[in-house]
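The values are calculated or read from the model by the stated rules, or taken from the named source; none is laboratory data. Because the structure is a prediction, the values reported are computed rather than measured. Virtual Cβ from ideal backbone geometry, glycine too; neighbours counted across all protein chains shown. Heads up: the accessible areas ignore ligands, DNA and RNA and are worked out on the full protein's heavy atoms, side chains in. Shrake-Rupley method; radii C 1.70, N 1.55, O 1.52, S 1.80 Å.
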Amino acid sequence: MKAGMVFAGLFTLSVFAWPDARAMDILKRADAVILPANAEFKWSMTVKKAGEDDRHDRFVCWKKGDLKYLFFHVWPQTNYGQAMIRVDSTIWHYLPLADEVLKESYKAAFLDSDLSFADVMYNELAIYYDATIIGDSDGDTLTLELKAKPGAAGYARIVVTVDKNNIATLKREYYSKTGQLLKVIVFSELKFSGQRLSAMKLLITQPMLKGQSTIAEFSDIQEKENIKEQYFSLNYVKAFKPNANY
């Protein structure tokens, strides 16, 4: 009898442990589909606000590993040379006209958009969140629930919809501790080169901020093994002149 109870207990543990392990594997794979570990890409952003003209920004970008990002502003011309650099947990914002460097919070809005710096420069969700599967339909999608790991700063809860066929992220919903929906990011116009994305479009909305939205577009995503370490140095960026056809 006791042996049967032990067996039943082990079986129950395996049932509950397996979905978490599977969910974390899916989340890691979904992270990798969005951007390779080392990548070069172009990125544009359109901010729409009621009663205001749309604002357009374009960047050339590099990512090295999980902890280093460079977004270099190439348009509009008035903002040319501005750069956002993440190294480990620090984010710097260089303003060339004032020759000033600001330290940004990962929670701060990215250039007054619906995106935060965390949304833009913390793409590896599997590092900061634990995942479980909360929906696995008979169709082509499954749903993950993400909760911040102990000691990790981030959103209280993220619900992620993933395409089963290519493990591409289709939608993210971000929630507060009280369960309020804070932000929705919808992924569309996904273009693949082999198993990797080469381009995609994101629509970002905040339900509490009516009449505004942000569109972010990734293009020409390329895996690059030899990303220069100096790209993530403020001194280098101050004199940087990227060779990009915009």
query = Are any of the residues in the stretch 200-209 of a type in the set (D, E, K, R) and modelled with pLDDT under 95?
reply = no
key: Residue count, the stretch 123-157 (criterion: free of Cβ contacts under 8 Å to residues at least 40 places away in the same chain, hydroxyl-bearing (Ser, Thr, Tyr) and touching a Lys or Arg at 6+ places or on another chain (Cβ under 8 Å))   = 2
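Looking at GLU145, GLU217, which is the one that is part of a strand (DSSP E or B), open to solvent by 20 Å² or more (accessible area, probe 1.4 Å) and within 24 Å of TRP43 (Cα to Cα)?
Matching residue, one of GLU145, GLU217: GLU217.
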remark   = Inside the stretch 148-163, the number of residues satisfying the requirement of being in a strand (DSSP E or B), of a type outside the set (Gly, Ala, Ser), open to solvent by 20 Å² or more (accessible area, probe 1.4 Å) and touching a helix residue (DSSP H, G or I) at 6+ places or on another chain (Cβ under 7 Å) is 0
message = So GLN195 passes all but one of these: (1) surrounded by 16 or more Cβ atoms within 10 Å (Cβ to Cβ); (2) touching a helix residue (DSSP H, G or I) at 6+ places or on another chain (Cβ under 9 Å); (3) more than 25 Å from MET84 (Cα to Cα). Which condition number does it fail?
response = (1)
ask   = Under the condition of being acidic (Asp, Glu) and within 19 Å of TYR175 (Cα to Cα), which residue from the stretch 111-142 is least open to solvent (accessible area, probe 1.4 Å)?
value = ASP114
task = Could you tell me which numbered condition LEU203 fails, if it satisfies all but one of (1) of a type in the set (A, V, I, L, M); (2) touching a residue at least 40 places away in the same chain (Cβ under 8 Å); (3) assigned to a strand (DSSP E or B)?
result = (2)
Test: TYR106 is within 30 Å of TYR236 (Cα to Cα), in contact (Cβ under 8 Å) with a residue 24 or more places away in the chain, open to solvent by 40 Å² or more (accessible area, probe 1.4 Å) and not in a strand (DSSP E or B) = yes
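Quick test for you: out of LYS210, LYS171, pick the one residue that is basic (Lys, Arg) and either in a strand (DSSP E or B) or open to solvent by less than 70 Å² (accessible area, probe 1.4 Å) (or both).
LYS171
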task = Could you grab me the full set of residues in the stretch 28-77 that are acidic (Asp, Glu) and out of contact with any strand residue (DSSP E or B) (no Cβ under 8 Å at 6 or more places or on another chain)?
result = ASP31, GLU52, ASP53, ASP66
note = Being in a loop (DSSP other than H, G, I, E, B), polar (S, T, N, Q), surrounded by fewer than 18 Cβ atoms within 10 Å (Cβ to Cβ) and at pLDDT below 95 narrows ASN166, ASN235 down to just ASN166
